[in-house]
Each structure stands twice: as structure tokens, then as C-alpha cells.
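One structure below.
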Amino acid sequence: KYAYQVIQDRSGQPDNNTQIQHVSRESFVQKLVPTAQRLQKEYGVLASVSLAQAMVESDFGQSQLAANYYNLFGVKAAADDPNGVDLETKEYVNNEWVTIVDRFKVYKSWEDSLVKHAELIFYGTSWNAKQYQAVLEAKDYQSQARGLQSSGYATDPDYADKLIAMIEEWQLTQYDQ
């Protein structure tokens, strides 16, 4: 299984880009694994969950936010953050998807993004140190994914299910310590 649709040319043969795209996605995951494993030991967020979030949130590092600003998780910045960047994003509000412009954090590297993400989950937000307590108390990837959703990490009502599906499709639990 791959996380994308196979494109076929008019002869019915798979496009040559199919294998290239999988290799690119695989190399993205492999690049993040060592840091995700180290951070799991340090902060308690399962490597599989961090990896799935990065994969889903950044489209395997291909989103504008990840590719240009090293923000793998869609982490927002304060409106007055001079190092932030304003970009369009979709949010699920009042049972519908809306496009808004919001300010996002800019990081120096994907590793920096992973570290800041783990710290956010571990230390919580400036307004609630226990914001992600449900994630930290969970011992398996399904519970951590659902903890992220119940803690308000993302507005997408299917967020936990998307993470769980990504973890299972890519067999990411093999990276959990």
C-alpha cells in the first residue's frame, strides 16, 4: 500500500513517477526516524505518532510550510511574532471547512520542528500546561492519536483516524522504542 493514487498513462501502464514518489516519501520518513525515536525517549510521544503527524500535516515534507519554513506540524505563531509567516490554511469551524490566513512558526530545520513539537506536547501551551496530558498518559498509538484530537491539537474531526490510518499503512510502530 502506498499513500497516494497510482497514475496511469493512456496505455494503462503506471507512470514512471510512481516509484520515484514512493522513494521520496520513504526517504522523508527515514530522515525523521532517529530524531522521533530520541524524542520519544525524552518526552514520551511515540515515534509512530510524531512521524504520522509530520507525514499528514506536511504532506511528507512537500507542503509550502514544511518545504520553505521547516514547520512539519502546522504549529501556529503569535500574530506579532516577527519570525512567523502568514499563510492560507483550512480550519474546520462550525461543521464546515473554511480557508483563513494565519501566522505560522518558522523553524531552522525539520529536526528543530520535531523538537519543538515534542516540547509542546510535553510542556503544554502557555495557557494550559496540561493541554496534552491525554497524549502523555496514553501508552499506545491509537490512544495518543485520540488524545491529540480530544486535547484540541487539530480542528479536523477526522484527525485521529487519519493518524491511525497512516501509522498502520506505513507500519510506523516498528519505530516505537
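The values are calculated or read from the model by the stated rules, or taken from the named source; none is laboratory data. Because the structure is a prediction, the values reported are computed rather than measured. Every residue, glycine as well, gets a Cβ built from its backbone with ideal geometry; the counts of neighbours run over all protein chains shown. With ligands, DNA and RNA removed, areas are computed over all heavy atoms of the protein, side chains included. Shrake-Rupley method; radii C 1.70, N 1.55, O 1.52, S 1.80 Å.
A few points about this structure:
- Helix 110-123 axis versus longest C-alpha principal axis of the chain: approximately 40°, rounded to the nearest ten.
- Ranking 78, 104, 39 by how far each Cα lies toward the positive end of the dipole of the chain (charges on Cβ) leaves 39 at the top.
- In this Cβ point-charge picture (+1 for Lys and Arg, -1 for Asp and Glu), the chain has a dipole of about 380 debye about its Cα centre.
- Apportionment of accessible area to carbon and sulfur, the chain, percent (1.4 Å): 47 percent
- For segment 79-177, chymotrypsin sites (Phe, Trp or Tyr not before Pro) are listed when DSSP marks them as loop and at most 15 other Cβ atoms sit within 10 Å of their Cβ; the list is 127.
- Cβ-based charge dipole, segment 44-129, positive-most Cα from 92, 53, 63: 53
- Rolling a 1.4 Å probe across the protein heavy atoms gives segment 37-177 an accessible surface of 52 Å² per residue.
- Multiplying each eigenvalue of the alpha-carbon gyration tensor of the chain by 5 and taking the square root yields semi-axes of 27, 20, 17 Å, largest first, rounded to whole angstroms.
- Degrees between helix 47-58 axis and first principal axis of the chain (Cα, 0 to 90, nearest 10): 70 degrees
- Within the shell defined by Cβ-Cβ distances under 12 Å, the residues around residue 164 carry a net charge of -3, with Lys and Arg each +1 and Asp and Glu each -1.
- Folded to 0 to 90 degrees: helix 159-169 orientation relative to the chain principal axis, Cα: 50 degrees
- Restricting the trypsin sites (Lys or Arg not before Pro) of segment 96-171 to loop positions (DSSP other than H, G, I, E, B) with no more than 11 neighbouring Cβ atoms within 10 Å leaves 108, 130, 139.
- A Gaussian network model of the chain, with springs between Cα atoms under 10 Å, assigns the largest mean-square fluctuation among 93, 56, 29 to 93.
- Environment charge at residue 44 (Cβ cut-off 13 Å; Lys +1, Arg +1, Asp -1, Glu -1): -2
- Members of 31/139; 31/116; 76/162; 76/116; 76/130; 139/162 lying beyond 22 Å, as alpha-carbon distances in this model show: 31/139
- Among 84, 61, 74, the largest mean-square fluctuation in a Gaussian network model of the chain (Cα springs under 10 Å) belongs to 84.
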